[in-house]
Every structure is written in structure tokens, then in C-alpha cells.
Amino acid sequence: MLGYLIRRVLAAVPVMGVVALFVFLLLRLTPGDPAAILAGDNATPERLERIRASLGLNEPLVVQFITWVGKLLHGDLGTSLISNLPVMKMIGQRVEPSISIALSTIILAVIVAVPLGVIAAWKHGTWIDRFVMGLSVLGFSVPVFVVGYVLIEVFAIDLRWVPVQGFKSISTGFGAFFERIILPTCALSFIYIALIARMTRAAMLDVLGEDYVRTARAKGINEVAVMMRHALRNAAVPVITVIGTGFALLISGVVVTESVFNIPGIGRLTVDAVLARDYPVIQAMILLTSLIYVVVNLLIDVAYTLLDPRIRY
Amino acid sequence: MTNPILDINNLVVSVGKKPGGPKIIDGISVQVHQGETLCLVGESGSGKSVTSLTTMGLLPKGTLVPTSGSVKLVGEEILTATDRRLRQLRATQMAMIFQEPMTALNPVVHVGRQIDEVLRAHTDLDARTRKKRILDMMEQVRLPQVERIFASYPHRLSGGQRQRIMIAMALVLEPKLLIADEPTTALDVTTQKQILTLIRDLQRDHGTAVLFITHDMGVVAEIADRVAVMRQGRLVETGTLDSILRNPTMEYTRNLLSAVPSLVPRAARPETKEPVVLEANELSKVYKERAFFGKGREVVAADKVTLTLRKGRTLGIVGESGSGKSTVARCIVRLIDPTSGGVRLAGREISDISRRLLQPHRQKIQIVFQDPYRSLNPRVTVGESIAEGPINYGVSHADAMKRARELLELVGLPADAVSRYPHQFSGGQRQRIAIARALALDPDVLVADEAVSALDVSVQAQVLELLHEIQKRLGIAILFITHDLRVAAQICDEVVVMQHGRVVEQGPAAEVLTHPQEAYTRALLEAAPGRGWDFANFRPVSEGVAASV
């Protein structure tokens, strides 16, 4: 198992290397002078020269790449062109809200969706099944900002149970953190509940047709044990895949929700950086997102081997 | 006579809840007594499995519904029992083992725990007592190293071991009734023999009533006390083993028995001096498992196999699963590339030429696969499937379709079947289509890889007859791969017996199958179920020998 883990981590290194190369070339191979791109439209010649020197643009490409990777490994992602802050620090401030929301959303979605999917598959073809599937269509089709504003209207404005917007770090107290995170979590989890419930149902329906489920029933154990012990664990692999990729998507791609609830997450940071052509930040975000996907995929693969002893490494 | 353990009386099972739906089971009445084995025999679709699932209360809810009659287990009505009561009865009073030991166990749970589940659901024993009882049961089903197997996952065990686990699971609470649904069909003959003996012995020790479902008359002859023959949801006849095998009263039973191929090889055809069309010379296939780090593993699937096939002759390759017989067939057809050795097709070496150069030779050798349900593309009409090969070799579409019609008639199907799709045909018909497809290219050699193994005996007999006919008319050479010695005895001129990738014995079928020289061949023959019976002549083999002397 440990050997497998080490091998998998090592196998991720070339992937990250290719991503780093791509990110590096992004700036170098864009038509025109990278320094001019970085400096913006109203740059003076002195400023251009300064940027060139600081990026080492006068060196050969290979040397530039090695220096750049060297800095990267020391946590130096460059400096934002807009705010003049180190990119590392900017991302550091934004990571907590994003990860908090992604985690809480996935946890809520799994808690609600997996049982829904199991019940729908168990009661396949009945009104319960149709009801769950109906909910799931609804979850897919209502845009997240609509859900978000409706939730704000009802729970923040009419009932005044929670604040309308914003984010408080968990270090300032769990209560403040929780009451601000609950609405965006609910809004976001809608679509994930729909997705995971559907996936669970489909996987369970496949497994329920298997011979070993019939064997389990022939043993005379109760239906709950048949569902949980025999069916669900075998149905887990595709469900885990969806949960994992869903989580990775959540960290980087929740711009709309962050805007609706005014949360300073990395989704908005990315969009702002793209709009402002803040290249160092964009580069860092691509690297970070890739890293998240690589790590999540690694975790998914490890989960496979834990769930299914037949998957060998 | 004592009260029966299982008493099925005038049972009707229909499709759907509404009255008037098609009847899958139509008025079945059978009884099984203590210590007795009743064999429920029938071809596919006869309703034997539905009968057993009804008894266990395991019919798919809402789709198949018992509409009348009764099923009594030790006097207690099953059809009206609550779900709760049914769960209590399962494993304690009635238990079931299934056909596919490969899929009947949960792949992600240790087998010991899967047996333990039965005890936890139905008893209050503590963990240690339970484990002791399970290990004891595992020993009773003659599993080796029970402690190790207890903590193994199913995929670590062989098919025979898994079926033993299933039997241990079924019998651990000493149920009064054991339902065995084709429990040995997926196993090799030698394993099958062991499992049948095991069921017999356990039944004797525990006095269990056994309802044994099978399609195989050989197995019936080995295990049954009484036999009930089913056909299309109806009971054809019941009787003791001897009376059914010797004096079947119904036409259908007679036909069923007559269709069982005899183990006695057919009369040998005279040796021919026809040209050799296919030669394999020291053919080997080694699978290398490459590891990311460290050393890979090597599996020798075929080890220096040499064989010769002449025009108009049939060469059988027989062996159990994993013996390498299919690997050899696939190497010869070049579906996979042999690691070493040669294959000469009509005098031309084809084992090492490139795929492109192989193209013109492909049409000379064609293959028919085992599973008629999966080897035809379901979205393509039968005619197009047959015509595809010739079209690839430059025949015009119209000519190829015309040929397809002729071929369908040759294999005994109507010519207008060309425009239909595979799902509109039965298994036997599909295998005929697969044969027509293979013949479309006028091959010199037809490779039949377990081509009749998935078919019912009566259909099997017809397809074998068809192959024989075609060989007589076209002079084609057939390489026939089978695990079934009965089939081999009826169609092969020569046989090659394989084990662990090696040829153990080869020679004329009449010679090898009656006077085997090697221990393994003898073991295979001895394990063949029902070898003591000459089914087609309704008598034991010994009486037949006596009569002919």
C-alpha cells in the first residue's frame, strides 16, 4: 500500500512538470513582448526594461525556465501586477473561504444525496424513485444564483436567521463562521445533490442486479444490510469518482456563488486576475488548480483500492 | 410415506400482477422428501429457475407473481408468508446455492464474514462460537487451510473453492431444504465431480432434502433420486431416476435423452491423404505482466503446441478452463500474436507476417465464438453481418447479400432472415448465423471455439449435425475447441488433450477417448458426469456392452 502511494505520488511529478512548462510558456509564447504584456498599455521604456531584467527575459529560454521553477519550488509565485502583493500571499488569503465552502458543500451533498440515491434505487419504479429523480432534475436546472438569492431572501432578509453575505474565518469562532457559510453551502450543494443522487441510484441499480445481492437476500438478512453492506460498497467506485471531481470543481469554479454571497474566494480572484490580465496571478491559479486535480485524483485512486480489494496496484 | 419437506402444488407464476398475463410456470406440482434429491431438468426457458426462486421468495417483485397454487415448506405456506417470515426461513429452513460461484459472492467482503452474516442474522451466538462453527463448516466442505480462506476475498479463490464457500454458507444452519440451481454448470468436470460428491455426502450426513436444478442429463444420472422434467413452464413427467432414464413415457423426455451426445466416440472415418491445411509447430504464447517497479510475472498460456489438420477433417482441442485451448485457437487465427513457434495455413507461414500482409490469408481461416448472444453486433442486420467479410475482400454489395441469403439457407434459416436483427433469433439460430458468417469467405479452416457450449442439448445436437453436413458438402477442415468430452467424441476425428498450456495426449478420437494413455485424460473421462449411462439408448453403458457382445 505504502509502495503504491509513493509510486502514485512520483507519477504525479511529471504531470505537474508538464503543467509548469505550459504555464511558463503561456507568457513567453504569447505574441509580443512578455514585459509589455506584464507592464500594461501605459508603460514607460524604463519600466519595461526593469520588468525584463526582473524576469530574466534576456537569458536563454531554458535558463529562464529553470530559474522560474526554482523560485516556484521556494514558494515564490511572483508579484501581482495590480496590487503589487506577492501572489502567494494573495492566494493564501483566499484559500480558506474556498476550501471551507467546497468541503461543507461536498459533505452536505453526500449526506443528502447518497441516501436519496440508495432509496430511489431500492424503491426503483415507485413514486419515491420518481420523486427523487424529479428533485434531481430540478437541482440540475435551477441556476445557482437563483437558488442563492431565494435563500438570501427567505432566510437572511425575511426570517433574519443568518447574515446576508460575507465570510468569517473559522478562527474567529465557529458560530460566526457557520452562519455565514450555511447559505452558500445550501445553494451550491443543490446541483451536487442532484448529480450524486443520480450517480448513486444508477450505480446501485447496476449492483442490485448482481448475483451476490441475490445471495445476500437468500441468506435471510434484512434489506438494510443488503443495501448497505452488499450493494452500496460495490456501487461506491463511480460515486466516489463524481464526489472527487465535484470537489475539485468546487474549489476553483464557484465564481457565481462567491459573487452572490460576497465571499472572498479564489474563484473571484481568478476572474479578477483574468479581467485585469494579471499574469502572475493567472499562472499561479492554473498551477494551483492543476495541483488540486492531481491530488484529488490521487485520493480517488487510493479510495478505489480501499473499497475494492480486486483493484491491485 | 413421511410428510414432504417441500410440497409445490399446482403452482402458477405469471408475468405482472394483472390476471391473464403470460404464464411462466403453469401448474407445477412436485414434492421433495427428507434425505432425497429431486432433479428438476429442463432446457433454457423451461421455468426451473423460476420455480426455485418462487420457493425462496426471491422472485423479482412486481414482474413475476405467483398467481395460484401453493408452495409449502414443512407444512408452512410460503406464497402468503410475510417478508419478515421469509427472511427468518431463509438459511434456517431453506437455503440456496447458485450457478455462478464467480459472481454469487460479494467481491469486497471476506468470505468468512459472508458466512458469518448468516449466523449473525439468525442466531445469538457470540463471535468466537460463530467463528468456530464457520471453520468447522468450512472443513466439512473440504476446504484446505480454513483459517487463511476465512480471511480471503472471493477473487483469491478458485471457482470450486467459491462454490464450497457457497455450500458452507447454505448449510451452516442445517436447513431442511437445499436448493441447488445449476451449481456445477460453471465448473470444470473434475471440480464438478468433487462438488457433486460433496453435496451427496453432506446430504447423507444431515438428511437434507435437495432440489437440484440442472440442464445436464449426465449430472442428473450422478445425483438424482427422482427426476422431474420441465418444459415451457409445465411438468412433462416425474419418476425415479431409473424409470426416467430407462423408460421415459413422454416424447419430450425421450428426445431430450436422445440428444445427449454419447461418450463413446462415433465410428472413425477412414484416414485420408487429403492435403494438410493447417499446421501449428511448437506454438507458444507467454503473457508478461509488466510491473511499474520490480520484476514482472510470466504466464505460459500455451507451451510448444504442435498439431496438424487435414482438409475435410475435424480436430478437437479438449481441456479444462485455463488449459490454453482458446489461446491456441486465437494464436492460430492470429487474433493474438504467438510468442514463438509457427502456424502454416495452406502451406504459408502466417505466425510472424505483419497484419497488412496477413489480410489476404484471413479469409482462409474463420472463427465461431462461444456466446451467440454477444458475438453478433446487435445494431447490424444479420445479412450485413454475413456480407461484411466478402465486401471487405472486394465483392460487390449486391453479390455479397445474395451469397448471404444462400448461406442462411445452407445453415437452415430462411433466406429472408437477412433483413432481421440478431435479437429476433434464438441462441441456436444465432449460432447458425455465426457459422454462416464464418463460411461467407469460403475458408479452408473453420475454428469453433466452444461453439456449442452455450446451447441446450437438443439445439447442440442440431448445430453439431449442421457442422457435420457442411463439412461433408464443402470439405472444410474444422478445429473444434471444447471442454465437453461428449461433444468431442461425437464430432472429432482426432483430439488433442491440453492441460496447463501443454499437450498431454493426442491421437485419433476413438483411441484417445476409449483407451487414454495419460493419467490426466483418464481423470477427465472419469469425471465426465453420467459416464455410466448410454442416454440415447435408455440403458447403462454396461448393459449396452453386454448386449453387443
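The values are calculated or read from the model by the stated rules, or taken from the named source; none is laboratory data. Keep in mind that what you see is a predicted model, and the values were worked out from it rather than measured. Ideal geometry is used to build each Cβ from the backbone, glycine not excepted, and the neighbour counts take in all protein chains shown.
How many residues, within the stretch A:268-280, are farther than 17 Å from A:Phe65 by Cα and either of a type in the set (Asp, Glu) or over 18 Å from the mean Cα position of the chain (by Cα) (or both)? Total satisfying the criteria: 7. Checked against (1) touching a Gly at 6+ places or on another chain (Cβ under 7 Å); (2) closer than 24 Å to B:Glu320 by Cα, B:Gly160 passes all but a single condition, namely (1). Summed over the stretch B:254-280, residues that are part of a helix (DSSP H, G or I) and touching a Lys or Arg at 6+ places or on another chain (Cβ under 9 Å) total 1. A:Tyr212 meets each of the listed conditions (1) in contact (Cβ under 8 Å) with a residue 24 or more places away in the chain; (2) surrounded by 19 or more Cβ atoms within 10 Å (Cβ to Cβ); (3) within 14 Å of chain B (Cβ to nearest Cβ); (4) of a type in the set (Phe, Trp, Tyr) apart from (1). If only residues of the stretch B:63-78 that are assigned to a loop (DSSP other than H, G, I, E, B) and touching a residue at least 60 places away in the same chain (Cβ under 8 Å) are counted, the one that is surrounded by the most Cβ atoms within 10 Å (Cβ to Cβ) is B:Val74. Can you confirm whether A:Arg50 is without any contact (Cβ under 8 Å) to a residue 24 or more places away in the chain and surrounded by 14 or more Cβ atoms within 10 Å (Cβ to Cβ)? Yes. Scanning the stretch B:1-24 for residues that are part of a strand (DSSP E or B) and of a type in the set (Gly, Ala, Ser) turns up just one, B:Ser14. In the stretch B:53-62, the qualifying residues are those that are among the hydrophobic types (A, V, I, L, M, F, W, C) and in a helix (DSSP H, G or I), and the one that is farthest from the other protein chains (Cβ to nearest Cβ) is B:Leu53. For the stretch B:25-52, enumerate the residues that are assigned to a helix (DSSP H, G or I) and either on the phi > 0 side of the Ramachandran plot or out of contact with any Leu (no Cβ under 8 Å at 6 or more places or on another chain) (or both). Across the stretch B:25-52, the qualifying residue is only B:Ser49. Of the helices (runs of 4 or more DSSP H) lying entirely inside the stretch B:344-429, the ones with 1 or more residues being more than 23 Å from B:Ile332 (Cα to Cα) and either assigned by TED's automatic domain parsing to the domain that holds B:Glu465 or touching a residue at least 24 places away in the same chain (Cβ under 8 Å) (or both) are found at B:382-392, B:397-410.
Conditions tested, residue by residue: (1) more than 27 Å from B:Ala259 (Cβ to Cβ); (2) surrounded by 19 or more Cβ atoms within 10 Å (Cβ to Cβ).
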{"residue": "B:Leu6", "(1), (2)": "yes, yes"}
{"residue": "B:Asn10", "(1), (2)": "yes, no"}
{"residue": "B:Val15", "(1), (2)": "yes, no"}
{"residue": "B:Gly20", "(1), (2)": "yes, no"}
{"residue": "B:Ile25", "(1), (2)": "no, yes"}
{"residue": "B:Val30", "(1), (2)": "no, yes"}
{"residue": "B:Gly35", "(1), (2)": "yes, no"}
{"residue": "B:Cys39", "(1), (2)": "no, yes"}
{"residue": "B:Ser44", "(1), (2)": "no, no"}
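Scanning the stretch B:320-345 for residues that are on the phi > 0 side of the Ramachandran plot and buried (at least 18 other Cβ atoms within 10 Å of the Cβ), which turns out nearest to the chain's Cα centre (by Cα)? Looking at the filtered set, the residue picked out is B:Gly324.
When you look at A:Ile91, is it within 30 Å of A:Ala187 (Cβ to Cβ) and assigned to a helix (DSSP H, G or I), yes or no? When the stated conditions are applied, A:Ile91 passes them.
For the condition touching an Asp or Glu at 6+ places or on another chain (Cβ under 8 Å) and either within 30 Å of A:Glu223 (Cα to Cα) or not hydroxyl-bearing (Ser, Thr, Tyr) (or both), what is the one hit in A:Pro143, A:Pro97? Testing whether each residue is touching an Asp or Glu at 6+ places or on another chain (Cβ under 8 Å) and either within 30 Å of A:Glu223 (Cα to Cα) or not hydroxyl-bearing (Ser, Thr, Tyr) (or both) leaves just A:Pro97.
Considering (1) under 23 Å from B:Val50 (Cα atoms); (2) crowded, with 16+ Cβ neighbours inside 10 Å, the lone condition that B:Gln232 does not fulfil carries the number (2). Here the helices (runs of 4 or more DSSP H) wholly within the stretch B:81-154 that include at least 3 residues being touching a residue at least 24 places away in the same chain (Cβ under 8 Å), more than 8 Å from chain A (Cβ to nearest Cβ) and buried (at least 16 other Cβ atoms within 10 Å of the Cβ) are B:111-122, B:127-140.
A count restricted to the stretch A:215-233 and to residues that are at the interface with another protein chain (Cβ under 7 Å from one of its Cβ atoms), surrounded by 20 or more Cβ atoms within 10 Å (Cβ to Cβ) and touching a residue at least 60 places away in the same chain (Cβ under 8 Å) stands at 0. The number of residues in the stretch A:83-110 that are over 26 Å from the mean Cα position of the chain (by Cα) and surrounded by 13 or more Cβ atoms within 10 Å (Cβ to Cβ) comes to 0. Of B:Ile167, B:Ile179, all but one fail to be away from every other protein chain (no Cβ under 11 Å), closer than 28 Å to B:Val32 by Cα and of a type in the set (A, V, I, L, M); the exception is B:Ile167.
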